[in-house]
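The values are calculated or read from the model by the stated rules, or taken from the named source; none is laboratory data. Source: prediction; values computed, not measured. A quick note on method: Cβ atoms are made from the backbone with ideal geometry, for glycine too, and the neighbour counts reach across all protein chains shown. All accessible areas refer to the heavy atoms of the entire protein, side chains included, with ligands and DNA or RNA removed. Shrake-Rupley method; radii C 1.70, N 1.55, O 1.52, S 1.80 Å.
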Amino acid sequence: MNPALHQFIVDYGLWAVFGGTLLEGESVVVFAGFLAHQRLLHLPYVMLCAFAGSFLADQALFYLGRRYRDHRYVQRIREKPAFAKALEAVDRYPHGFILSLRFLYGLRTVGPVALGVSRVSPLRFLVLNGIAAAIWAVCFSTLGYAFGQTIESLLGRLHGVETKLAVAVAIGVVIWLAYHLFGRRRK
């Protein structure tokens, strides 16, 4: 592997995981798990950064919904069709909704804001959000780590990590496209 690229990933990879989970999530964590399999990142640190970014993002969105209910940004989110469904689910199953929020397509931003607007207490959300973020971080980083093992077993010992990364990125892009296309069709 190119020594400069290797050092760049080692130096800034965990920051990228943290920042990526603030914005998006699953694909960043799966890819970081793959990099942990390649021994460029440490899997427990990947899990910790994924937990922290995801937890903080949802906490911020919860408090945005709680504090700024009438702000135009929150009003725009409230106008989305998924928001009404999220509020209905919060009212029926508040604990289950908080714990499964990260695993439900299309609710990553809307869900925590809906919880902030709802009657769920900040302490309850804090505790359940922490549990859910930990489960999510472990699941998706482990998936990426296992994905690395699968690629290695399917393709054997390729010459260098760059080839494995290219294959992983290509497969990841295909999975990401299928995931988003399928999600749009369901809407």
Starting from the 7 Å offset along Cα-to-Cβ, what nm value, one decimal, do you get for the label separation of K80 and Y63?
2.1 nm
Relative to the first principal axis of the alpha-carbon coordinates of the chain, what is the inclination of helix 161-186, with its axis defined by its Cα atoms, in degrees from 0 to 90 and to the nearest 10?
30 degrees
What number comes out for accessible area per residue over the chain if the probe is 1.4 Å? Units Å², please.
58 Å²
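At 0.36 nm per residue, minus the direct Cα-Cα distance, what do A134 and Y105 gain on full extension? Give it in nm, one decimal, please.
Length gained between A134 and Y105: 8.6 nm.
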Residue farthest toward the positive end of the dipole of the stretch 3-184, with Cβ of Lys/Arg at +1 and Asp/Glu at -1: which of G19, G144, L64?
L64
Given points 7 Å out from each Cα along the Cα-Cβ axis, report the I171 to H71 separation in nanometres with one decimal.
4.1 nm
Just the number, please: carbon plus sulfur as a percent of the accessible area of the stretch 1-117, 1.4 Å probe, no ligands or DNA/RNA counted.
63 percent
Determine the calculated [θ] at 222 nm for the chain from helices alone, applying -39500 (n - 2.57) to every DSSP H run no shorter than 4 residues and normalising by the residue count; nearest 500 deg cm²/dmol.
-27000 deg cm²/dmol
Where labels lie 7 Å past Cα in the beta-carbon direction, separation of E88 and V127 in nm
2.9 nm
Could you check which residue among E152, E26, E79 shows the biggest mean-square fluctuation in a GNM of the chain with a 10 Å Cα cutoff?
E79
Lys, Arg +1 and Asp, Glu -1 on Cβ, resulting dipole of the chain about Cα centre, debye, nearest 20
780 debye
